[in-house]
1. Name the residue farthest towards the positive end of the dipole of region 20-158 from the options 142, 152, 104, assuming +1 on Cβ of Lys and Arg, -1 on Cβ of Asp and Glu, about the Cα centre.
2. Magnitude of the Cβ-charge dipole of region 68-161, K/R +1 and D/E -1, about the Cα centre, nearest 20 debye?
3. How big is the charge dipole of region 128-173 about its Cα centre, in debye rounded to the nearest 20, if each Lys and Arg gets +1 on its Cβ and each Asp and Glu gets -1 on its Cβ?
4. Taking the highest mean first, how do the peptides 138-146, 104-112 order by number of other beta carbon atoms within 10 angstrom per residue?
5. Output the pairs from 85/118; 85/121; 29/80; 52/90 with a Cα-Cα distance over 20 Å in this structure; if there are none, say none.
6. Given that just one value was derived from the coordinates, which of (i) 26; (ii) 21; (iii) 38 is percent of Cα pairs over 29 Å apart?
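No lab work stands behind these numbers, since they all come straight from the coordinates. As the structure is a computational prediction, the values presented were derived from the model and not from experiment. Glycine also receives a Cβ, built like all others from the backbone with ideal geometry; neighbour counts cover every protein chain displayed.
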Amino acid sequence: MREILYTPWEIEDCVMDTSEHFNQLYNSKNEHEVVFAPILTGVVPFFNDVCKGLLFDPYVEYIGINSYQGTEQKEFNLYKMFDPKVIKGKTVWLFDDIADSGNTLNFLTSMLKQYGAKEVKSCVLIKKAHCAHPIDVCGFTMTEDHFVFGYGMDGVDGRGRSLNTILYENNSVENQAVI
């Protein structure tokens with residue numbers, strides 16, 4: 001049974017708070033010091049919505065990496081590389097949909113520093129409670145370990161990215177039909 005974890009209104013509040021946070025940090029005078037690096041693909045709706053509320057124009061450099069097949073984490077596959085010249089000496093903000101183990105953020109943080117980023121920070125829509133990677137800006141923290149989908153994140157069947165809510169499958173015994 002699908003259950004709503006975060007409603008469109010909760011997501012909208014999260015987006016507005018995130019935009020305001022960045023507006024407090026950056027403006028037209030220092031926007032050249034920062035690069036926003038959204039990690040494809042699940043974060044795109046969140047990232048785009050956050051950008052609509054910004055009062056400055058950061059440089060955006062998408063990064064394509066995946067490490068999951070269904071619900072299992074595998075090797076990293078970097079399929080869209082960032083331009084090293086763009087990040088050198090800059091503060092790079094990694095944007096991700098969900099920080100589960102933190103392994104992807106750790107991997108990219110290390111790589112960006114090797115390529116000369118002045119510092120690497122992270123902004124995630126959802127952080128799972130067991131994530132060990134330090135998160136600088138976090139929309140929601142999950143206390144239970146659910147597989148979530150919607151609002152850019154796909155489910156195990158590859159669907160759900162276009163939903164305006166964030167859902168999870170509640171497969172607890174009390175919600176299963178008795179046959």
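1. Selected residue: 104.
2. My answer is approximately 560 debye.
3. 100
4. Sorting 138-146, 104-112 by mean packing, highest first, produces 104-112, 138-146.
5. On the way: 85/118 12 Å; 85/121 18 Å; 29/80 29 Å; 52/90 22 Å.
Exceeds cut-off: 29/80; 52/90.
6. It is the value labelled (ii).
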